[in-house]
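Please read the structure below before turning to the comments.
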Amino acid sequence: MAWGIDKIEIENFKFFKEKFDLLVDCKNILLYGENGSGKSSIYWSFYTIFQACLKTSTDAQKYFLHAHPENLRNRFSNESDYSGIKVTFRNAGTRLTFEDSNNVVSVSDTLHDNFMKLSMASSDFMNYKFLASIFDFSNSQDNDIFNALTKEVFPFLSFKDSLILDDGTDSTRNDADFWWKYLSNPQEHVPTRNDAPNGAYIITSLKYKQYVEKLRIFNDNLKRELTFIFKDANVKLKELFNENISLHFTYKEATFNERIGASKAHDGKLHRPQVILYAKMTGDAIRDTSIIKHPRSFFNEARLTCMALALRLAFMDARVIAGDDFASAIFIDDLLISLDMSCRKLVISLLLKYADSKQMFIFTHDRAFFEMTWSEIQKLGKENDWNRFDLYVFNQGLDYDKPILMGKKSYIDIARQKYNALDLPGCANTIRSACERELKRVLPLNFVLKKQLSQEDSIQFNNLGTLINQLSNFRKFFFDSNLDPFPDIAPNLSHGRKLVMNPYSHDDIETPLYRRELECAIEEVEKLSLISKKRIITDEEVGNKEFTLKISTTTKSVIATFIFVERFERVEYESVRYYGSSKIFVKSISDTSIHPNTQNYTIRNLYKDVYEHLGFTACMRPSFENCIFAGVVPLSSL
């Protein structure tokens, strides 16, 4: 991303009375905001200023004018107070600042008009409203999503054709929102008899025919785009969400001035189109593939959310704009509130992939979702690409609520703070939470979760004692390029848990021994926090992505191709990389005297079997990283 959002300033708009600055620094943002703290006001501030480039100055400014009935000024402000939003973009040392306020609308100035329009067209705003509305129909209603599309999607949906205005000039606008708003007012474009406001339209006029032709082009464009988008949504449902469901639609075209019965009279109305959504069950085991007209009555909430989200992501992916002279961003506000945790984890991983190409802003009031998202970011090794904040409400001594924005402190920082303040019980409880979080982040998933005895068992985490005990298995499982195990960086952690991290053992907190043990626990948990972790392959690539191992002597080479049958991850500590001894399936091997694919055969086994077969000693063997390739890419580059 060449251009990125550097900061936004909000004053006297919606929740914010005083000037509020969110310093973004061109990074991605993860923000937790308690209910009523102004979190959604930040989201809608971005939306308002991005949308302003598509409005007239009058329409863009109305939200900040005290006398306007549609204003969104903070209700504690005075009539003369400034009200506005400023957003600053940065590309290296170059900055562009746009303002939408009661004083000025610079968003739509001619100098930077294209920058904001392209930024808006390549960005997206996603919240639960679209997901909730997509199936919100009773059994007696058609599942018509046209109104939901006009509100949530049309501003960002581009047609193949731009709209030709009444005077024959090209508007250069091809967004569905502009098209539909133009067509929604036929009386402004089609002449009536005697120019009467309620007069009959002159069917024989050129402008009447031009308007009907525009309506036809609109229908063709919308139907074409929806066809592509629904096709992509169904691919996502199958490949990303693993759902045997397909989404379909029936398009009823927009019509104008329909004939009334068999008479020659016309109704003089524009009839909006209908996009009637329905679903089908797919898959080899499905016997009834008939239409499901009312998905809300058939599917549970989690599957409905997956279906709506697949459709929403397909709408977003349909907007690919070439070039880099603009800023692309995705704004997400409490998108997944109806999903259970396992489904959220899947969707979070999916959404975070978009952060590779677009600046991402994630807002949530759900602390568990916040922590889960940050954990996934850490697993990707992308912490430095993100800023995370907490947003709270302060109103002590004030007549109005004031937001307080806090950069997120780690549990370890808080524990040290409490230690220095001699709040030793609070420090012990905090470092316990830090230890548990770091172990859940670092350990492989099968070390973190309790073993399920049956499929009906709920998924549960191991307790802290078990997690600490798993560190020895972790050390054996991860090895460096010389096959050495991961070092024992926290040898006293189990002792520390029993002595200082047990919330029921705080009756000895005054002794120097207790303080020394507490300091040791902090230091060892801090060492765990320094372990970075990265997935080498995605969950979708397990069992699919092919790797190659190649080891050569001066006279002979052995080449093996294989796939991983479980996650393959890398951890790094003090600049040394360690790889998981993950299970593999060997598809082919050039030397048939080597017999892989015994039970629980791993990548470590394959490497060791091949280099020993070729006569290498432990001290002379080639580096593990230099022997493994994904295609032509060496493992060290992944």
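List of remarks:
- Distant-in-sequence amide H partners of residue 537 (H built 1.01 Å from N, under 5 Å): 568
- Backbone amide hydrogens, once placed in the peptide plane, bring residue 24 within less than 5 Å of 7, 8, excluding anything fewer than 5 places away on its chain.
- For residue 124, the residues 5 or more places off, or on other chains, whose built amide H falls under 5 Å of its own are 329, 330, 331.
- Loop-resident sites, segment 43-130, for GluC sites (Glu not before Pro), counting at most 14 other Cβ within 10 Å (DSSP): 70, 79
- The overall shape of segment 128-262 is prolate: from the C-alpha gyration tensor, with semi-axes ordered a ≥ b ≥ c, the ratio a/c is 1.5 or greater and a/b exceeds b/c.
- Shown in residue order for segment 515-522 are the 3J(HN,Hα) couplings computed by the Karplus curve 6.51 cos²θ - 1.76 cosθ + 1.60 at θ = phi - 60°: 5, 5, 5, 5, 4, 5, 4, 4 Hz (x for Gly and Pro).
- Per-residue 3J(HN,Hα) values for segment 124-140, derived from phi via the Karplus relation 6.51 cos²θ - 1.76 cosθ + 1.60 with θ = phi - 60°, read 8, 10, 10, 9, 5, 4, 5, 4, 6, 7, 5, 10, 7, 9, 7, 5, 7 Hz in sequence order (x marks Gly and Pro).
- Each stretch of four or more DSSP H residues adds -39500 (n - 2.57); spread over every residue of the chain, this sum gives -10000 deg cm²/dmol at 222 nm.
- Simple point charges give the picture: +1 on the Cβ of Lys and Arg, -1 on the Cβ of Asp and Glu, and for segment 539-637 a dipole about the Cα centre of about 280 debye.
- In order along segment 254-260, the phi-based Karplus estimate (6.51 cos²θ - 1.76 cosθ + 1.60, θ = phi - 60°) of 3J(HN,Hα) comes to 5, 10, 9, 6, 5, 5, 8 Hz; Gly and Pro are listed as x.
- Cα-Cα over 22 Å, subset of 14/181; 534/583; 451/583: 14/181
- Once both labels are positioned 7 Å from their Cα atoms along Cα-to-Cβ, the gap between residue 66 and residue 548 label points is 7.3 nm.
- Sum of side-chain charges, residue 418 neighbourhood, beta-carbon under 14 Å (Lys, Arg +1; Asp, Glu -1): +1
- Cα long-axis angle, helix 301-317 against the chain (0 to 90 degrees, to the nearest 10): 70
- Separation of alpha-carbon centers, segment 596-638 and segment 570-594, rounded to whole Å: 6
- Listed cross-link partners 151/236; 129/280; 27/223; 236/382; 345/450; 62/402 are compared with a 27 Å cut-off, the Cα-Cα value being larger for 27/223.
- For the listed residue pairs 117/353; 17/39; 550/587; 7/86, the alpha carbons are over 20 angstrom apart in 117/353.
Only the coordinates and a few stated rules stand behind these numbers; no lab work does. All values derive from a computational prediction rather than experimental measurement. Positions of Cβ are generated from backbone atoms using ideal geometry, with glycine treated the same way; all protein chains shown enter the neighbour counts.
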